[in-house]
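Asker: Here it is, the structure in full.
Values in this text are rule-based calculations from the coordinates and carry no lab data. In this text, all values refer to a predicted model and were calculated from it rather than measured experimentally. Because the Cβ atoms are built from the backbone with ideal geometry, glycine has one as well, and the counts that use them run over all protein chains shown.
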Amino acid sequence: MLEWWTTHFPPALRELFLTSAWETLLMVGLSGLAGAVLGIPLGVLLRLTDRGGVLEQPTFHRVAGGIVNAVRSTPFIILLVAIIPFTRWLVGSSIGTAAAVVPLTIAAAPFVARLVEASLREVDPGLIEAAQAMGASTSQIVFKVLLPEAVPGIVAGLTITLVSLTGYSAMAGAIGGGGLGDLGIRYGYQRFLPEVMLAVVLLLIVFVQAMQSLGDWLVRRLRH
């Protein structure tokens, strides 16, 4: 494997691979973090306002859930292009790694929200009722009952989100988003270098496997 790598890829191209891999890691990490910061509170709010929730508000839940579903159902490549004006206004450019983080975050947040909502639904209602009977406030129920009990499910959901963002980041390369996807398109596809495309695919597979293994390990530790 090492001999194949050094034979087919000169030093300049190997350096380009390292730079692109770092850009992918940066895109996935930043958008995953931002998506979690936005998506976890949204998921909690969706659960609290659902029927039978602590803050039952069916109308608000339907409206918020509809918006979340609308964003989730939009193909990422369309979302990527549709929000170019917003991306340019926010970061000053519509190309590059920083610009790619914006649509990746917008795609990740509603995805995280639904996964968090599903995890919170698995919490035993008896625990919530017991907390309410002892006079716990809504914030205490959220931070001392719901979130602690749902942590393994939330971590598993975040792992799925990061894996999905890896694929989305490769799509972002189609419009100059940087990363391994951009490298695969510019060198593997446009310059007819199949070995570059193969190497990009292999690196993405390794990247995804590493994230999934780490996420599975964290879930097992948290459940214990």
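Asker: Obtain the nm distance between the two label points defined at Glu56 and Leu13 by a simple spin-label model: each point lies 7 Å from its Cα along the Cα-to-C-beta direction.
Answerer: Output for this residue pair reads 6.4 nm.
Asker: Order these by the 10 Å Cβ neighbour count, fewest first: Met134, Met211, Met27, Met197.
Answerer: If I rank by nearby Cβ atoms, fewest first, I get Met134, Met197, Met211, Met27.
Asker: Provide the packing ranking of 101-111, 30-40, 141-151, i.e. peptides ordered by the mean count of other C-beta atoms within 10 Å per residue, highest first.
Answerer: Ranked by mean Cβ neighbours within 10 Å, highest first: 101-111, 30-40, 141-151.
Asker: Sticking with this structure for a sec: Name the helices (complete DSSP H segments) of the chain with a Cα length along the long axis of 24 Å or more and a Kyte-Doolittle mean of at least -1.0, or state none.
Answerer: Counting only whole DSSP H runs, the qualifying helices are 11-48, 97-121, 147-172, 194-223.
Asker: With label points built 7 Å along Cα→Cβ from the Cα atoms of Leu202 and Arg220, find their separation and express it in nm.
Answerer: My value for the distance between the label points is 2.7 nm.
Asker: Under the definition of Cα pairs under 8 Å and six or more residues apart, what whole-number percent is the relative contact order of region 93-224?
Answerer: 28 percent
Asker: At 0.36 nm per residue, and after removing the present C-alpha to C-alpha distance, how many nm does the segment from Phe86 to Ile160 gain when stretched out fully?
Answerer: Stretched out fully, the Phe86 to Ile160 stretch lengthens by 24.0 nm.
Asker: Given labels modelled 7 Å from the Cα in the Cβ direction, how far is it in nm from Ser137 to Leu25?
Answerer: Reported label-point gap for Ser137 and Leu25 is 4.2 nm.
Asker: Let me ask another. Return Ser73, Ser213 ranked ascending by Cβ neighbour count within 10 Å, so the fewest neighbours appear first.
Answerer: Ser73, Ser213
Asker: I would also like to ask the following. Rounded to whole Å and sorted largest first, list the principal axis extents of the Cα atoms in region 97-224.
Answerer: On the principal axes, region 97-224 reaches 67, 29, 17 Å in Cα extent.
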